[in-house]
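So the structure is just underneath, and the comments pick up after that.
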Amino acid sequence: MTPAPDTQSLITFNSVSRFYGEVLGVNRVSLSIPPGITSLVGPNGAGKTTLMNLMTGLIRPTQGEMSVLGVPPDHPERLCRLVGYCAQFDAFPKGLTGFQFIYSYLLLHGLGDAECRQRTLAALEKLNMTEAANRPVGAYSKGMRQRIKLAQAIAHDPQVLVLDEPLNGLDPMARAETIALFREWGAAGRHVIVSSHILHEVDRISDQVILLSHGYVVAEGQIQGVRSEVKEQPMQILVRCDKPSDLAARLFQQNHVVEAKIQGDGRNLLLRTADADAFYLLLNRVILETGLDVESVAPADDDVNSVYQYLIGYEGGSV
Amino acid sequence: MNALWMRQIGAVLRLEWKKTFFNKRAWWIYMLAAGPVSITLIHWLFELNRPVSMARHSLGDDSVGYAAMFQFFYLRGAIFFGCVGIFANLFRAEMLEKTLHYYYLTPLRRELLVAGKYLAGLVTSVVLFAGSAALSFLLIGRHFGPAYNDYLMHGPGLSQLGWYTLTAALACAGYGAVFLMCGLIFRNPMIPAAVVYVWENLNPFLPALAKKISVIFYLRNLCPVEVPLPPPLNIVVVDTDPTPVWIAIPGLLAVTALLLMYTAHTARQGEISYGE
């Protein structure tokens, strides 16, 4: 039995609500976020940024309690040593170069000049911004501004990195490099909390997802686990085999199979079943009885995009 | 105060100077400080080249003239508006530009942020306005040559220079604390600034008790030379006993400290929303 992780390694929300006057930000959110990459997914106004602002202490809960690695948000002196936040705002203090921007805020951590310089250079190098370091941030392109924000967020080596739409404005190369950086951080046992509207990228990088809608947490956990919990939506499974029509004929005799259609080059069978376990048992039987040559069997809708559509759908607007 | 706090306040000072005060948008504040220096410089050059046949004014006239300039231009104009421009923007401009969160995401006590920003504004405003007041004072009687040197070194000049410089510095401290608070609390600090401005300028005409609830009342009492008001203003002015220096200075500093404590408390409770 795996021991439960202690709160010192978790970001915890205990029935947290946040209202802006009469407007709901998030309501009764209870979460325990373990280390690794966690994606926040939801339409505009779902509460993603509110949740991130709560984690970083920029706002406080109206009700409920929360802590980040055991530190409550009303202790910014302790919290901000643990947390780095790349916020959504594309705004920078005027008149500073990229180097000055990172270095000046690092000094506020109370570090010495030499250490601040060394950490600033390391952060700039990590985000490939060394060459542009001495240019004013105001003269940067959108992608460079995004990267300098990321560099600033990681410069003090935080345990928790919170990133609001971090891939916005990045070209494909920078995107790939940034995702690799997130993976490196997640693999090192740190928390990387990402909100992104690019669902296929969320799918690629996340260890777990939190789906939000209208201020409520709709689902959380590993995406396959979340998908299997969505019982009302039949599971889609793609089978690639030599005789898909024979398999389809057998499947239609089953009550749990809702739909089966042959796709692509005629060797793909996409089916929808209300009972995946029953389907896999049946498939084993068919293989044994008919000698069906199965090339691959894979779930076709246990990705973030599908789960998002099932749980939130178009009702929530754009992601 | 421990070493970490000192380093953090130092870092806020450096950052504020770098991003705010060497800023092109602050040109009008530099003009406010440079204006009287330019006028007294022109006055000196004009008096030096004045034909002997033309009547010359006395050192006493220049002393009163400077006192009037100090009370009406510096205290009620340049320092007041300069402090609005410097201090009200320390928080408000960052909220409008959506950059305050960078500060709030550092492990810096919010009280230290307020202290650092206030000190940055105070040093700047004192250098600009107390420096300008002192320089103007040194220039206004320069055309009297050795007589003015004598007035400064052996007469009341040096003491007057000290009081004007101290009063200017106290004005920066008092108005600075008022406008730093306004910048943090009010979405548009210009409205409270206008209210304070009207109140401060009505001061001579207010009843004795109401007079004392202002910054200008204490500052005026610190000015070494009285400015006679011309008629009919001298009739409507309400005379009150001047506040002794030993009350005026600590009183002003105590009010400043209270305002800063309230600002620090507000910053501590503050959140980043940028009005969205």
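Of all helices (runs of 4 or more DSSP H) completely enclosed by region B:10-117, which ones contain at least 1 residues that are touching a residue at least 40 places away in the same chain (Cβ under 8 Å) and away from chain A (no Cβ under 14 Å)?
So the answer is B:27-48, B:59-68, B:79-96.
Considering region A:104-150 alone, what residues qualify as being assigned to a helix (DSSP H, G or I), buried (at least 19 other Cβ atoms within 10 Å of the Cβ) and of a type in the set (A, V, I, L, M)?
A:Leu106, A:Leu107, A:Ala123, A:Leu124, A:Val137, A:Met144, A:Ile148, A:Leu150
Please state which one of B:Thr124, B:Thr167 is buried (at least 20 other Cβ atoms within 10 Å of the Cβ), at pLDDT 95 or above and on the phi < 0 side of the Ramachandran plot.
B:Thr167
Restricting attention to helices (runs of 4 or more DSSP H) lying wholly within region B:146-226, give those where 2 or more residues are among the small types (Gly, Ala, Ser).
The qualifying helices (runs of 4 or more DSSP H) are B:157-185, B:190-202, B:208-211.
Which numbered condition in (1) more than 18 Å from A:Phe89 (Cβ to Cβ); (2) within 14 Å of chain B (Cβ to nearest Cβ); (3) of a type outside the set (D, E, K, R); (4) out of contact with any strand residue (DSSP E or B) (no Cβ under 8 Å at 6 or more places or on another chain) is the only one that A:Ile148 fails?
Result: A:Ile148 passes all but (1).
Determine which single condition A:Thr50 fails, assuming it passes every other condition in (1) part of a helix (DSSP H, G or I); (2) under 25 Å from the mean Cα position of the chain (by Cα); (3) modelled with pLDDT under 90.
(3)
Inspect region A:86-109 for any residue being more than 8 Å from chain B (Cβ to nearest Cβ), out of contact with any Ser or Thr (no Cβ under 7 Å at 6 or more places or on another chain) and closer than 26 Å to A:Leu69 by Cα and give the result as yes or no.
Here is the first cut: in region A:86-109, the ones more than 8 Å from chain B (Cβ to nearest Cβ) are A:86, A:88, A:90, A:97-99, A:101-103, A:106.
Adding the requirement that they be out of contact with any Ser or Thr (no Cβ under 7 Å at 6 or more places or on another chain) leaves A:86, A:90, A:97-98, A:101.
Add one more test, that the residue is closer than 26 Å to A:Leu69 by Cα, and what stays is A:86.
Yes: region A:86-109 contains one or more residues that are more than 8 Å from chain B (Cβ to nearest Cβ), out of contact with any Ser or Thr (no Cβ under 7 Å at 6 or more places or on another chain) and closer than 26 Å to A:Leu69 by Cα.
Condition first: assigned to a helix (DSSP H, G or I) and surrounded by 20 or more Cβ atoms within 10 Å (Cβ to Cβ). Now tell me which residues in region B:128-142 satisfy that.
Answer for region B:128-142, where residues must be assigned to a helix (DSSP H, G or I) and surrounded by 20 or more Cβ atoms within 10 Å (Cβ to Cβ): B:Leu128, B:Phe129, B:Ala130, B:Ser132, B:Ala133, B:Ser136, B:Phe137, B:Leu139, B:Ile140.
Restricting region A:265-278 to residues that are modelled with pLDDT of 85 or more and not aliphatic (A, V, I, L, M), which is farthest from the chain's Cα centre (by Cα)?
A:Arg267
Anything in region B:179-200 that is within 15 Å of the chain's Cα centre (by Cα) and at pLDDT below 95? List them, or say none.
B:Ala193, B:Val196, B:Tyr197, B:Glu200
The values are calculated or read from the model by the stated rules, or taken from the named source; none is laboratory data. Predicted model, so just to flag it, every value in this text is computed and none were measured. A quick note on method: Cβ atoms are made from the backbone with ideal geometry, for glycine too, and the neighbour counts reach across all protein chains shown.
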